[in-house]
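Participant: A single structure is presented below for examination.
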Amino acid sequence: MASEEVVDSPTGWVAKHIKEYVETGGEKGHTWQGVPTLLLTTRGRKTGKPRRTALIYGRSGDSYVVVASIGGAPKHPKWYLNLVANPDVELQVGPDLKSGRARTADPDERARLWSVMAQIWPQYDRYQEKTDRQIPIVIIEPV
């Protein structure tokens, strides 16, 4: 994906965040509203194009943990559907570029990691209350 043109999130404030993150090599944007963020690039399940978004993250051992909340929307975010279809992803964490393999946390992992992520971003609890779907937790293991 590195040599291909990446399509950034169409959401205005997210696109601005990504642009600043990339242009400064993660110096600006890695911390957003006091929490750590990474850039996740997935392969579009319909277009085949690399798609990039910015997400709050936590850690579990060597793995990165993100939440497919989309603010408690009724449907999963497109980036989540993309990585379910193709789990090979790329990350930028601060200045570091990494390849990873993503998977949805199993129920036991989700229970443990939900509390970790809600400590980082307490709004996740509110997002879950807002929607009927179970918000997935994604574990990204570096490869």
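Just so it is clear, none of the values below were taken in a lab; they were calculated from the coordinates. The structure displayed is predicted, hence computed values, not measured ones. No Cβ is skipped: glycine too gets one built from the backbone with ideal geometry, and neighbour counts run over all protein chains shown.
Participant: Name the one entry in 96, 132, 106 that is free of Cβ contacts under 8 Å to residues at least 24 places away in the same chain, among the charged types (D, E, K, R) and either surrounded by fewer than 16 Cβ atoms within 10 Å (Cβ to Cβ) or in contact with a strand residue (DSSP E or B) (Cβ under 8 Å, 6 or more places away or on another chain) (or both).
Facilitator: Numbers: 96 fails: free of Cβ contacts under 8 Å to residues at least 24 places away in the same chain; 132 fails: free of Cβ contacts under 8 Å to residues at least 24 places away in the same chain.
Matching residue, one of 96, 132, 106: 106.
Participant: If you don't mind, another one. Sort through 42, 37 and tell me the only one that's in a strand (DSSP E or B), more than 22 Å from residue 120 (Cα to Cα) and either under 16 Å from the mean Cα position of the chain (by Cα) or polar (S, T, N, Q) (or both).
Facilitator: On the way: 37 fails: more than 22 Å from residue 120 (Cα to Cα).
Criteria check complete, one pass: 42.
Participant: Related question: Scan segment 10-41 for residues that are under 20 Å from residue 83 (Cβ atoms) and free of Cβ contacts under 8 Å to residues at least 60 places away in the same chain and jot them down.
Facilitator: Hits for segment 10-41 are 10, 11, 14, 15, 17, 18, 37, 38, 39, 41.
Participant: Just checking, how many residues over segment 22-68 are surrounded by 16 or more Cβ atoms within 10 Å (Cβ to Cβ), β-branched (Val, Ile, Thr) and more than 18 Å from residue 11 (Cα to Cα)?
Facilitator: 2
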